[in-house]
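Peer 1: Quick one: the structure is below, questions incoming.
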Amino acid sequence: MERSIEEKWRDRWAESHIFEPVIDVGRKKFFVTVPWPYTNGSLHVGHGRTYTLGDIVARYKRLTGYNVLFPMGFHESGTPILAFSERLRNGDKDTIKLYRNYLSEYEKPEDIDRILESFREPQNIADYFSRVIIKDFMDLGYSIDWSRKFTSADPFYQEVVKWQFNQLNEKGLIKKGSYPILYSIKDENAVGEDDIKDGDTDKVSIEEFTGVLFRGEKYYLMAASLRPETIFGVTNLWLNPSATYGLIRYRGMDIVMSDSGCKKFSMQHEGVQYKGDVPSEDIIASEFQVPLSNEKIGVLTASFVDPDNGTGIVYSVPGHSIFDYIYYEKNSIKNKIRKVVKVDSNISVKFLVEKYDLVNNDGKLKEATQELYKEEFYNGTLINSGEYSGMSVEEGREAIRKEMQEKHLAFIFYETSRKAVTRSGSEVTVAVLNDQWFIDYSPEWLKEKAHNLVNSMKFYPELYRKLMNDAVDWLKERPCARRRGIGTKLPFDERWVIESLSDSTIYMLAYTNKKELENLYSHLQRIPYDILDYILLGKQVPENYDEFTMSNALKAKDEFNYWYGNDLRITAPPHISNHLAFFIMNHSAIFRGKELPGGLMISGLVISNGAKISKSKGNVISLLEIIKHYSADIYRLFMAAGADISSLLDWNEKDLSSVMKRYSYFTDILDGYSPGNDGDNYIYTWFKSSFYRNLKTYIADMESMNIRDSYIAIFYNVMNDLKNVENHGGSINTALNPVLPDWLKALSPIIPFAAEEYWHRHVDNNSFVSAQTIDINIDGKIDYNVLKSENYLDRVISDIREILKIIHIDAKRATITVYGDKQKKFLEDYPGGNLDREYRTMIGDYMKNKNRIAPEMLDEYSIIENNKGYLESILKINVDIVKTDIIQKKNPWPGRPLIEIS
RNA sequence: GCGGAGAUUGCCGAGCUAGGACAAAGGCGAUGGAUUCAGGGUCCAUUUCCGUAGGGAUUCGUGGGUUCAAAUCCCACUCUCCGCACCA
């Protein structure tokens, strides 16, 4: 569709408010949600899949008679918007470039500077992009009820979040305690995935090292290790001579580690005192004692030791570390190498170093290291390790760590799994917070409720049910508050702001009664818990409020009761272990019965031109660009029909062009269409029956959310049928005449703009196809006999073609002999066994062909007779038709006419 | 190592939960043809092998099994992907 036509319907839908449903107790409701977008930028081709699926479902449900609520809001919680704004204020070049880029798509060049300037205020970023996203969504034809829009920063909503946390607290799910968390020392704040640069694509986790203490004359050295079980194989310590080392005092011990290690350690343990630098020469000159074995070892310098990772001191186990071994080889270090782990296979450090020639070529270093660790961890046994000898590596690791910790020979040292910085550029480390607030998702009763919920919900596709149950089991404590960021203050400790995923777990409920809650808030400047208990939990009516409050509360309660129960939530796989798990847990904790979520649809990843969508690949295509270059309908068609919901969808030019080809075939047909009379000959009857059979498939597939299959039926198959009509010499116009209204209705969920335009042009200029319902009782409209006839005809054609292919004669004529009365009588009598004598000669022929004989007997003579012209034109051969009246040596059978080419 | 998904005809990708017209949908590519077509558009046909009659043979990761019948069910194995775990 041309842009102007799409714009026309976009505006007319909005003006007519057809997507803003009201309570209708006589109709079943359907409440579908998709995650609210985060408003720090515009959306791209990948984001659009989830929203498009949401709209297709919403439109389909509307079409089948449901009162559909499909709302949208915006997420503003957390630190990214603040951080970007701050970076813009600080003149950060990359950020400015990024936002210029966003803006250049939407704004005139002369306006960009002004708008960019306004972004120095964080709220303006959120406001600007929510406007942009609304426009994109409207341009894409989403049937969203915008009248219920709100954001996570709206004061009325924050009252709901406070209520939610109060509920969790009353159920004993809010805890306070110490916990290792990702932390930014500079920002003095815990950081989550959303705060970390590239945190969504490259996850950062917390690793628990064992900080092993090596006793020296003057102080201890702490080396952090993930493999404490190799302690008996230590032959020396490594230290980076160009790094700065510091001394701390902890539990009465003087301990040396790198400066950055000192900082981290002091964030992780109480009572650490920093006492100043220690020159590395001083360390190197000393000897140190290995814990447990009490052996003395020396310190060697090594440039590979990273002072910013761990403690900046590493103990060397050349017998079990490829890295150490190679360093020994290259530098001709003569220390005796010790083996402390035995495996059955021949995999060893030496073996792998030789296998991959690692001394000269370190390309495979990482791979070899992995191979070694896997082998030793799962199949290894400790040897030469004192009392631990004989233990498996898995047991021994725990036992050794435990003993060292109990004897204060080691302390826990947390480190990040990779080097990471926050979006504002400050370093991410691990800190142990002592007054961190958590939501405790671990109680048994909660897990059980959550499992029950998961098991009762619908999953599309089904395989995610298992993953969801696993996610429920994995969840433990979740830190739920931060020191800064946009969001709701924790009601029982206002120094904290509720974390951005935790404030969005039950938010969908506020769509149901947003207007009333907002009224309540502006009237009272708060929404008391007892009012929300009344609205959301159906508790006793509080008596002591004024009439305005009570009437709004009552209305809010009615809206909630009618709509709530999020029948379907559509998101993407990365949400399973966080957002969706919290969504399930929080609902399980607070709600019951019909208020619990009804279903989850999880759509697969979208990639662009064969690669993961990312700025560095340059394959980010914004939704606006799509609307401009292609059209909303094409995009929607691609999203719906391009791949099954669960599979990966690749946005690429090649597939796109084939979709566009089909779409323009469709618009050509409908542009050329004019209403006429229904045709009543064979091919029109066939088309109509075939259409309704396709419609039936469409409905069945839509009901089970097989969106792709349903559109293959109603879009592709119907158009192929139209081609078949033409091949039969029929007219598309006439064929379409009786089914056009139903066809446009069925297509409206996926290509609403075209459907709306043609509905107005060809069906009814005074109503919206987007507001129609479709009659789903269509069995009576399908004439199965005519479908079988066409099927038979196809079979005859392919039989003739097959013969033509293998006989190399110049074929002029095909004589088709169909079964007659004799064959019919045989087939009727044979099963009973009372055959007349003359028929007995047919038994042999029958047995040979019985697997190919059609079960029903069609009037094959008439079928061929009526379609003689069609057969002749398509096969380019003359056709004669004979109905046999004799018993032949080789008989024609139902579905198996005799064909003779001459 | 654990958990999950998967292995289909040149490629992509259905089908496999309810085994039977499956040589296996659809798309792409390729080949041939049509269209007053001049080379990328559209349409039609073909695209495992053999065959001068609609047939036959061999196929759905490998090897077994169940069955009158298996791409579809069962067992074992190999490999791939994802999550977890693991790593100086």
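The values are calculated or read from the model by the stated rules, or taken from the named source; none is laboratory data. Quantities reported herein were computed from a predicted structural model and do not represent experimental measurements. Positions of Cβ are generated from backbone atoms using ideal geometry, with glycine treated the same way; all protein chains shown enter the neighbour counts.
Peer 1: For the structure I just gave you, tell me whether A:S658 is within 26 Å of A:M702 (Cα to Cα), modelled with pLDDT under 85 and surrounded by fewer than 17 Cβ atoms within 10 Å (Cβ to Cβ).
Peer 2: In short, yes.
Peer 1: So A:N849 passes all but one of these: (1) within 26 Å of A:V879 (Cβ to Cβ); (2) modelled with pLDDT of 85 or more. Which condition number does it fail?
Peer 2: So A:N849 meets the others, but not (2).
Peer 1: Let me ask another. Answer with yes or no whether A:S286 is surrounded by 14 or more Cβ atoms within 10 Å (Cβ to Cβ), away from RNA strand B (no atom under 16 Å from the Cβ), under 30 Å from A:V341 (Cα atoms) and small (G, A, S).
Peer 2: yes
Peer 1: Still on this structure: I'd like the full set of residues that are within 21 Å of the chain's Cα centre (by Cα), among the hydrophobic types (A, V, I, L, M, F, W, C) and under 23 Å from A:L168 (Cα atoms), limited to segment A:436-473.
Peer 2: A:A450, A:L453, A:V454, A:M457, A:M468, A:A471, A:V472
Peer 1: Something else now. State whether one or more residues within segment A:481-504 are of a type in the set (V, I, T), part of a loop (DSSP other than H, G, I, E, B) and touching a residue at least 12 places away in the same chain (Cβ under 8 Å).
Peer 2: Yes, segment A:481-504 contains a residue that is of a type in the set (V, I, T), part of a loop (DSSP other than H, G, I, E, B) and touching a residue at least 12 places away in the same chain (Cβ under 8 Å).
Peer 1: Please identify the pairs in which a residue from segment A:333-349 that is small (G, A, S) has its Cβ atom under 9 Å from the Cβ atom of a residue that is modelled with pLDDT of 80 or more, counting only partners at least 6 apart or on another chain.
Peer 2: A:S348/A:G319; A:S348/A:H320; A:S348/A:K339
Peer 1: While we're on this one: Please state which one of A:V161, A:V68 is part of a strand (DSSP E or B) and either more than 30 Å from A:D440 (Cβ to Cβ) or out of contact with any Leu (no Cβ under 6 Å at 6 or more places or on another chain) (or both).
Peer 2: On inspection, the qualifying residue turns out to be A:V68.
Peer 1: If you don't mind, there's one more thing I want to ask. Any idea which of A:D821, A:D859, A:D783 is under 28 Å from A:K688 (Cβ atoms), in contact (Cβ under 8 Å) with a residue 24 or more places away in the chain, away from RNA strand B (no atom under 14 Å from the Cβ) and acidic (D, E)?
Peer 2: Within the list A:D821, A:D859, A:D783, the selection yields A:D783.
Peer 1: Within the bounds of segment A:426-434, is there any residue that is touching a residue at least 24 places away in the same chain (Cβ under 8 Å), loosely packed, with under 13 Cβ neighbours inside 10 Å, in a strand (DSSP E or B) and away from RNA strand B (no atom under 16 Å from the Cβ)?
Peer 2: yes
Peer 1: What do you reckon, is A:Y870 closer than 21 Å to A:V786 by Cβ, within 16 Å of RNA strand B (Cβ to nearest atom), more than 52 Å from the chain's Cα centre (by Cα) and not hydrophobic (A, V, I, L, M, F, W, C)?
Peer 2: No: the conditions fail for A:Y870.
Peer 1: I'd like to check something: does segment A:310-326 contain any residue that is in a helix (DSSP H, G or I), under 50 Å from the mean Cα position of the chain (by Cα) and charged (D, E, K, R)?
Peer 2: yes
Peer 1: In the list A:R813, A:R801, which residue meets the criterion of being basic (K, R) and touching a Ser or Thr at 6+ places or on another chain (Cβ under 6 Å)?
Peer 2: Answer to the selection: A:R813.
Peer 1: Output the number of residues of segment A:267-288 satisfying the condition of being at pLDDT 90 or above and over 23 Å from A:L300 (Cβ atoms).
Peer 2: 5
Peer 1: I need a count of the residues in segment A:557-568 that are assigned to a helix (DSSP H, G or I) and touching a Ser or Thr at 6+ places or on another chain (Cβ under 9 Å).
Peer 2: 5
Peer 1: When you look at A:I732, is it modelled with pLDDT of 85 or more, within 19 Å of A:F691 (Cβ to Cβ) and within 16 Å of RNA strand B (Cβ to nearest atom), yes or no?
Peer 2: So A:I732 passes the test.
Peer 1: I need a count of the residues in segment A:328-344 that are more than 15 Å from A:A302 (Cα to Cα), assigned to a loop (DSSP other than H, G, I, E, B) and aliphatic (A, V, I, L, M).
Peer 2: 3
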